[in-house]
Amino acid sequence: MSQEWEVVGGSDKGGIIVRTGKSIKSEACKERLSTGALVEQIELEGERLNYRILTGFGPYEGWVSLKVSGKDILAKSGKPVDAASGPLVADDLAGMERIAARCVVELARRQVPWKPITIDTVTNGHMKTSPGMFYGMDFPWSEELLGQYGPTWLTRAFHKAGTLPSDNKVTKIIMEQKIKVTTGNNGGKFLFEVEYQKPSPDLHTKLFAKIPFPLEGRTQSDRLSSSVNKQPQEYAEINTYRLLEHMIPAKTPKFYFGDISNDSTNWLLITERVDFFSFEGANFGPPGATRDPQLQAGEIEGPYDKCVDYNLRGDPLEYYLALTKAGARMAGLYKAGTMGNVDALNIAFMNASLRPKEQWGMNPKASSGEMPKMVAGKLNGACTFLSDVGKVLFPDYTADEAFISKFRTTLMTLAAYSAELNWWKNGNPDYVALTHQNLNVDNAYFWRDDDGKLELGIFDWGGMGASSIGHKMWWWLYCSDFDAFQPNLDAYIECFVTEYMDAGGPEIDRNIMRMMTIISAMEQMLGLIAAVPQIYKMCPKKNWPSIQNRYDPRISENIDGKSTLRLYLHVMGTIVRIIEEMGGDQVLQEWISTVYVKEFGQAPKTEAMINGT
């Protein structure tokens, strides 16, 4: 065990002088070692200490004096450094061998569970500096703060995470000025470059960071939504890289550091930057006469955005089958027990199948969802939007009273069986697995091999958890065009069922998967009908008479860097067509008769129960 020292002097000078060598005449470093910093003793020669920084700011390594003019400027902290502060993995490991060793060590540690937070937690903590849950370090949560923390902090962070050998360090951080990443609905993103003391093919110099949105201005509601309503999605994403990077059955950007504070609600994720062929951006206007040509082998397409699949360089079916295959294989590996200690995974990730049946809120005598009057009120606004204000975006039949009546009845019935449907989707362990929650084309990157075969990598693991695979299937496909979704749904389900079983999962029923997918689609509409007021905020009512189609820039382009409006409108159109053209309402009635009545042994809920009368 080595000795820790605390810097107790230099408070009036911004810290103490650090020199490159043992001699007090050796060159002084540009930075001082901050007062209050903790350092680890490497070597002690008289009153000259060769140190390695543990906490605080300043040069990562160097020589300092213990005294100046007879006064102590460093003091023993009395806290010896134990083995846990050493390298997470052996320094001689590299590549996937190092990644696998790191993940195995991380999984063997005691996992720290997430504690639910409130809006007050975010409001009171979002500007605080707090240690992370995983590595116990203070960390930056903005681009500006990362620049201030500097290479010394980044070196220590990479060492803590086991992603940088202990005999190497980051010597420089260069923030990207030309390319700014503005897409994404759940957090900020930025790019930067680093230089290492010992460059290596195993170490990326171009990196990518994800951070929370500021709790202010146009991103205030987004921050509260991601940190509170969707919690603990960032905790789950960091855990995916930290614990499972070696098990993901597709390429994923290499993890370098990630942590989150349950107290401040801030978080940081640093990975390899995906080397996209071009960052010129998506076409949100009308599609061209032909798709963009395919790139050379190995060149990475995109980045793609949500709900504009005409930008894909090939047949959408090919892309969604690749996504489905990767997601299904990960689910199968989980069911086969090959991902590691199940108890550890159940702490690090939510597992819906562990929730007791009585906690799902089922109610055979009344609606188990939102109060019927509340749902009916939201439906009034949604029906007006579909049949009148926004009718130009939807099929003509949405203005017919017959469809509006069917739409109302279907959504009111869905809400009434909300808890029962959720229990059904998550109650059978065969249909619950750990895999990506939202595997869309904007959460992946694609390239072709020398034979022209499409390959993919995956990122954006927010909300990763073990939950209904039928529900996930919809959320992997929901941003596709209906004209690609409808004819190919059976192919997607066949792909999932086959790959799931081949990877070690159980054999599952294709018809049940299809029913789960269709019902999950219609359940999303319950959220979208509540979003109509938000749609009017993003595109006021006065604009709608002059909107002619989905390609109008007022509704097609990202707003404040987010795809929210385009997504809402696109998915509403798809679900409307699922109800009318794929018999979604009949699928729901089939579930009531075959599952709720025959399997659950319950009488169907009456119209009075459904409508709250």
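The values are calculated or read from the model by the stated rules, or taken from the named source; none is laboratory data. Keep in mind that what you see is a predicted model, and the values were worked out from it rather than measured. Glycine gets a Cβ as well: all are built from the backbone with ideal geometry, and neighbour counts include every protein chain shown.
Structural remarks
- Some residue of region 519-541 being in contact with a Lys or Arg (Cβ under 7 Å, 6 or more places away or on another chain), under 18 Å from G327 (Cβ atoms) and surrounded by 18 or more Cβ atoms within 10 Å (Cβ to Cβ): no
- Qualifying residue in region 159-174 (condition: assigned by TED's automatic domain parsing to the domain that holds E216 and closer than 22 Å to D263 by Cα): yes
- Whichever residue in region 387-418 is hydroxyl-bearing (S, T, Y) and touching a helix residue (DSSP H, G or I) at 6+ places or on another chain (Cβ under 8 Å) and, among such residues, is nearest to W544 (Cα to Cα): S387
- Matching residues, region 1-37, being assigned to a strand (DSSP E or B) and either within 15 Å of L66 (Cβ to Cβ) or β-branched (V, I, T) (or both): E4, W5, E6, V7, I16, R19, L33
- Selection status of Q524, closer than 27 Å to A376 by Cβ and in a helix (DSSP H, G or I): yes
- The residues of region 28-60 that are of a type in the set (A, V, I, L, M), without any contact (Cβ under 8 Å) to a residue 60 or more places away in the chain and surrounded by 18 or more Cβ atoms within 10 Å (Cβ to Cβ), listed by number, are L33, A37, V39, L49.
- Residues being over 26 Å from F446 (Cβ atoms), in a loop (DSSP other than H, G, I, E, B) and touching an Asp or Glu at 6+ places or on another chain (Cβ under 9 Å) are entirely absent from region 218-233.
- Members of region 32-57 that are within 12 Å of G10 (Cβ to Cβ) and of a type in the set (D, E, K, R): R32
- Residue check for Q177: more than 23 Å from the chain's Cα centre (by Cα), assigned to a helix (DSSP H, G or I) and of a type in the set (S, T, N, Q): no
- Considering only residues in region 38-54 that are within 17 Å of V68 (Cβ to Cβ), charged (D, E, K, R) and not in a loop (DSSP other than H, G, I, E, B), the one that is farthest from the chain's Cα centre (by Cα) turns out to be E45.
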